Amino acid sequence: MSLIDNYTLKFDPIPCEIGSEEWKLTCEVGKNLNDFLPYLNGYIKKAIYDPKANTFVFTFENHKVSVSNDKVMIARIKSQEEGKNLAEKVVKFLNEIYEKKDEITPDYKRKQPPKAMDIYKLLPKTNCKKCGEPTCFVFATKLSQGEYEIEDCPELNEEQLNGLKNLFNNI
Ligand code: SF4
C-alpha cells in the first residue's frame, strides 16, 4: 500500500504582479501524514522540520513543498497544468520514500528555519505590500515558516537576495 493513494487538488491564487499568475497548490490526501515526517526528516537532509507543529518543508524542482497533517502544499505554481504535473511528481517522490521506510532511520530532531527577525533585517523594510502582506515583518514571519519563497519579495536588491539565500542555505 502506498503512502498516498488518492488526493484532491485545491488552487489558491497568490497576489502578484499584474498580468502574471501564481498559485499555491494544496493536495488533500485524505489521511494524516505526520507519523511519516520523521522518516522524511531522516531521508531529506536539506529541510525545515518542526516536530511540535508537525510541519516538514523541502524544495522540489525549485518549489517549496510543505507536508503537514493531511496536506501537501506546493508554492509558486504558474499554471494549473503545471500544478497537476508537479503534484503527481511530488506524490510519486513521497511514495518512493515511503517504500524505503524500513531502511530509513527516522530523525525526530527539529531542523530550524532562520528566525523572522534575522530575515527582516535583510528585507527592504519599505512595507510596500507587493508581496501581498501588509508589512515586511509579516512577510519575514511567513517566509520563516515556509509559506513564501525569498523571490516572493520583488523589491530585493542583489545584496539582500544573496544575504537571504545564505541565511536559508539549509533548505
Ligand atoms: S514586497 Fe518586500 S519590501 Fe514590499 S512589503 Fe513585501 S517584504 Fe516588504
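Every read-out reported here was derived from the displayed coordinates using simple, explicitly stated rules and does not represent laboratory data. Treat the numbers as computed from the prediction; the structure is a model and nothing was measured. Every residue, glycine as well, gets a Cβ built from its backbone with ideal geometry; the counts of neighbours run over all protein chains shown.
When the inverse distances between all different Cα atoms of the stretch 116-167 are averaged and flipped, the Kirkwood radius reads 10.6 angstrom. Spin-label pair Glu81-Glu151: with each label point 7 Å from Cα along the Cα-Cβ axis, the two points sit 2.0 nm from one another. Here's the list of aspartates and glutamates a cross-link from Lys24 could span, going by alpha-carbon distance under 19 Å and ignoring same-chain residues fewer than 8 apart: Asp12, Glu61, Asp70, Glu81, Glu82, Glu88, Glu133, Glu147, Glu149, Glu151, Asp152. Summing charges over all other residues whose Cβ lies under 13 Å from the Cβ of Met1, with Lys and Arg as +1 and Asp and Glu as -1, gives 0. Listed cross-link partners Lys10/Lys115; Lys45/Lys165; Lys46/Lys109; Lys52/Lys129; Lys71/Lys121; Lys84/Lys125 are compared with a 25 Å cut-off, the Cα-Cα value being larger for Lys10/Lys115; Lys52/Lys129; Lys71/Lys121; Lys84/Lys125. Taking the chain as a Gaussian network of alpha-carbon nodes connected by springs under 10 Å, the highest mean-square fluctuation of the residues Thr126, Thr135, Thr55 belongs to Thr126. Debye sum, Cα scatterers, the stretch 8-103, no solvent: what log₁₀ I/I(0) at q = 0.15, 0.23, 0.25 1/Å? The Cα Debye sum returns log10 ratios of -0.58, -1.24, -1.40. With R₀ fixed at 22 Å, the C-beta to C-beta distance from Lys100 to Asp35 puts the FRET efficiency at about 0.90.
Straight-distance candidates among the aspartates and glutamates for linking to Lys100, with alpha-carbon spacing under 16 Å and chain neighbours fewer than 8 residues away dropped: Asp35. Among Thr8, Thr26, the order by Cβ neighbours within 10 angstrom, fewest to most, reads Thr8, Thr26.
Stokes-Einstein, applied to the Kirkwood radius of the chain over Cα pairs at a viscosity of 0.890 mPa s and 25 °C, places its translational diffusion at 146 µm² s⁻¹. Separation of the stretch 60-124 and the stretch 132-171, taken as the distance between their Cα centroids, equals 17 angstrom.
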